[in-house]
Amino acid sequence: MNQHRDALARIRQWLGDIQPEAAIVLGSGLGGLAATVEQPQRIGYADIPGFPIPKVAGHGGDLVAGQLEGHPVLLQSGRFHLYEGHPPDTVALPVRVFAELGIRNLVLTNAAGGVRPGFRPPALMLIADHINLMWRNPITGPVIEGETRFPDMSEPYDRGLRELAREVALGESLLLEEGVYAALLGPSYETPAEIRMLQRLGADAVGMSTVPEVIVARARGMRVLGVSTITNLAAGISPTALSHEEVLAAGRQVARDLERLVRGIVRRLY
Ligand code: HPA
């Protein structure tokens, strides 16, 4: 039940007296930010109890502690997905550790397909809200110490952080779309009929991650910011077939914009 305890002990030992102020989870093709932190210090997932080794191409497998814009941060390069067959507990494990480390701000990034017809990928989208269509929830089962049974989800993505992201985008002349992220289990991409359904449900983007992490973060009272990179138009809107390679390539194209956005946010967080 408290499987994060061993991971926490190991990560505490590794961090020593470093106290990260924010944790940043890097999505598919977005690992580049981890290479730009100052005074980096890395630990591979193989050295952390309970952390599986990612097998998906384009997903790294380490935590990087370092300075971003003069602030101590912890980067998660490589996340765990339900579609890999991991139980929700494992997907949520890093967030539980971050919360126990006293980190109050969580920045989640991901790659997503554009469901809103007007999107021009590659683009950045601030996540305003989400729809959980994974039919899984990481906080089912016994209540874990430090978490609430019925977390309020009326504002899953922090209003203040969203405002800050918009201000940074304006100041940096970055186009920042804003919309609702629908999370599906995957790993197959959606059919055109499913995308039409998502449009009717009010989704602007679709992906296969993030929502389990947001739920655990909210159960622990963390402030969450979510940013999707719209790497492709979703099935049926896109004139071509979808591929993971296309998603990774588009992610790399907007990685610099995402880096500017995240750096600007971290600079002004405190
Ligand atoms: N669908 C689901 N997940 C995705 C997509 C998509 O079109 N693009 C990137 N991640």
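The values are calculated or read from the model by the stated rules, or taken from the named source; none is laboratory data. A quick note: this is a predicted structure, and the numbers were derived from the prediction, not measured. A quick note on method: Cβ atoms are made from the backbone with ideal geometry, for glycine too, and the neighbour counts reach across all protein chains shown. Ligands, DNA and RNA are excluded from the accessible area calculation, which covers all protein heavy atoms including side chains. Shrake-Rupley method; radii C 1.70, N 1.55, O 1.52, S 1.80 Å.
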Of the residues in the range 225-246 that are aliphatic (A, V, I, L, M) and open to solvent by 10 Å² or more (accessible area, probe 1.4 Å), the one that is nearest to Arg162 (Cα to Cα) is Leu233
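Is it the case that some residue within the range 10-24 is within 14 Å of the chain's Cα centre (by Cα) and among the aromatic types (Phe, Trp, Tyr)? Give the steps one after another, and end with the answer.
In the first step, residues of the range 10-24 are kept if they are within 14 Å of the chain's Cα centre (by Cα); the result is 22-24.
Filter once more, so that each one left must be among the aromatic types (Phe, Trp, Tyr): none.
Checking the range 10-24: not a single residue is within 14 Å of the chain's Cα centre (by Cα) and among the aromatic types (Phe, Trp, Tyr).
Given the structure, is Gln39 open to solvent by 60 Å² or more (accessible area, probe 1.4 Å), in contact (Cβ under 8 Å) with a residue 24 or more places away in the chain and not aliphatic (A, V, I, L, M)?
Working: open to solvent by 60 Å² or more (accessible area, probe 1.4 Å): yes; in contact (Cβ under 8 Å) with a residue 24 or more places away in the chain: yes; not aliphatic (A, V, I, L, M): yes.
For Gln39, the condition - open to solvent by 60 Å² or more (accessible area, probe 1.4 Å), in contact (Cβ under 8 Å) with a residue 24 or more places away in the chain and not aliphatic (A, V, I, L, M) - is met.
Restricting attention to the range 199-221, does a residue exist that is open to solvent by 50 Å² or more (accessible area, probe 1.4 Å), more than 25 Å from Pro88 (Cα to Cα) and not in a loop (DSSP other than H, G, I, E, B)? So that I can check it myself, show each step before the final result.
Of the range 199-221, the ones open to solvent by 50 Å² or more (accessible area, probe 1.4 Å) are 199-201, 218.
Next cut, more than 25 Å from Pro88 (Cα to Cα) only: 199-200.
With not in a loop (DSSP other than H, G, I, E, B) added as a condition, the list becomes 199-200.
For the range 199-221, residues open to solvent by 50 Å² or more (accessible area, probe 1.4 Å), more than 25 Å from Pro88 (Cα to Cα) and not in a loop (DSSP other than H, G, I, E, B): present.
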For Val97, all conditions in the list (1) open to solvent by 10 Å² or more (accessible area, probe 1.4 Å); (2) under 19 Å from Ala9 (Cβ atoms) hold save one; what is the number of the exception?
(1)
Applying the selection to the range 224-257, what residues are near the ligand (Cβ under 9 Å from one of its atoms), under 18 Å from the mean Cα position of the chain (by Cα) and of a type in the set (A, V, I, L, M)?
Ile230, Val247, Ala250
What are the pairs with Cβ atoms under 7 angstrom where one residue, in the range 238-249, is in a helix (DSSP H, G or I) and among the aliphatic types (A, V, I, L, M) and the other, located anywhere, is modelled with pLDDT of 85 or more and near the ligand (Cβ under 8 Å from one of its atoms)? Sequence gap at least six, or different chains.
Val247/Ala111; Val247/Thr231; Val247/Asn232
Which one is least open to solvent (accessible area, probe 1.4 Å), of the residues in the range 188-198 that are more than 9 Å from the ligand (Cβ to nearest atom) and in contact (Cβ under 8 Å) with a residue 24 or more places away in the chain?
Leu198
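Would you point out the residue of the range 112-128, among those that are open to solvent by less than 20 Å² (accessible area, probe 1.4 Å) and either more than 12 Å from the ligand (Cβ to nearest atom) or hydrophobic (A, V, I, L, M, F, W, C) (or both), that is farthest from Val254 (Cα to Cα)? I'd like the intermediate steps shown before the answer.
Residues of the range 112-128 that are open to solvent by less than 20 Å² (accessible area, probe 1.4 Å), as a first pass: 112-115, 119, 123-127.
Within this subset, residues satisfying the condition of being either more than 12 Å from the ligand (Cβ to nearest atom) or hydrophobic (A, V, I, L, M, F, W, C) (or both) are 112, 115, 119, 123-127.
Values: Ala112: 12, Val115: 18, Phe119: 14, Ala123: 7, Leu124: 8, Met125: 11, Leu126: 14, Ile127: 16 Å.
It comes out as Val115.
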